[in-house]
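Worksheet: the structure to be examined is printed underneath.
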Amino acid sequence: MSEYSQKLAVTVKRARIDLKLTQQEQAGKSGIDVRTIINIENGRGNPKLEKLFPLVKALELDAREIFEPEKISNGRTVRKPRFLAETCSEEAEVLLPVTQAVLSALRFAKKSI
């Protein structure tokens, strides 16, 4: 198994488990055959972009997680807000000060503990 296949396998499986999906459910959500999901998670094969793109999108992955997983924070608690933020371009102007205020309050509360 190549290094890239291994990174893809680990990232896809972790993301699917974080979403609490079975391989069959993931196949339905992404429109990909379950056998393809199994092969990807086992590091077999070389998925084409037309299979990889809907899979990455359905798993709400940042594509960088596949190529540089060590540089991306693991876990859905970080991945989900990043995905949501990237899908709200029109609302970003309004959300930015709100997000900054919430983060400041959380960090202040953390220091006070």
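Modelled with pLDDT under 95, of a type in the set (A, V, I, L, M), in contact with a helix residue (DSSP H, G or I) (Cβ under 7 Å, 6 or more places away or on another chain) and over 21 Å from Pro81 (Cβ atoms), is that true of Ala9? Lay out the reasoning, then the answer.
On the way: modelled with pLDDT under 95: yes; of a type in the set (A, V, I, L, M): yes; in contact with a helix residue (DSSP H, G or I) (Cβ under 7 Å, 6 or more places away or on another chain): yes; over 21 Å from Pro81 (Cβ atoms): yes.
Yes: the conditions hold for Ala9.
Could you please find all residues in segment 84-101 being of a type in the set (Val, Ile, Thr) and under 23 Å from the mean Cα position of the chain (by Cα)? Step through it out loud before you land on a result.
Pass one, segment 84-101, residues of a type in the set (Val, Ile, Thr): 87, 94, 98-99.
Within segment 84-101, Thr87, Thr99 meet the criteria.
Return the residue satisfying two criteria in turn: it lies in segment 3-26 and is in contact with a Leu (Cβ under 9 Å, 6 or more places away or on another chain) and of a type outside the set (D, E, K, R), and of such residues it is nearest to Asn46 (Cα to Cα).
Out of the qualifying residues, it is Leu8.
Kindly evaluate Ala58 against the criterion of being farther than 11 Å from Ala15 by Cβ and either under 12 Å from the mean Cα position of the chain (by Cα) or modelled with pLDDT under 75 (or both).
Numbers: farther than 11 Å from Ala15 by Cβ: no; either under 12 Å from the mean Cα position of the chain (by Cα) or modelled with pLDDT under 75 (or both): yes.
No.
(1) at pLDDT below 95; (2) assigned to a loop (DSSP other than H, G, I, E, B): which one isn't true of Lys51, the others all being true?
All conditions are met except number (2).
Can you find a residue that is modelled with pLDDT under 85, more than 20 Å from Glu41 (Cβ to Cβ) and not in a helix (DSSP H, G or I) anywhere in segment 69-82?
Quick first cut of segment 69-82, residues modelled with pLDDT under 85 only: 69-82.
This time we only want the ones that are more than 20 Å from Glu41 (Cβ to Cβ), so: 71, 73, 77-78, 80-82.
So of that shortlist, the ones also not in a helix (DSSP H, G or I) come out as 73.
Yes, the conditions are met somewhere in segment 69-82.
If we scan segment 85-96, do we find a residue that is within 18 Å of Asp18 (Cβ to Cβ), outside the structural domain of Ser5 (by TED's automatic domain parsing) and either surrounded by 13 or more Cβ atoms within 10 Å (Cβ to Cβ) or at pLDDT 80 or above (or both)?
yes
The values are calculated or read from the model by the stated rules, or taken from the named source; none is laboratory data. Being a predicted model, the structure only gives us computed values, none of them experimental. Please note: Cβ atoms are built from the backbone with ideal geometry, for glycine as well, and neighbour counts cover all protein chains shown.
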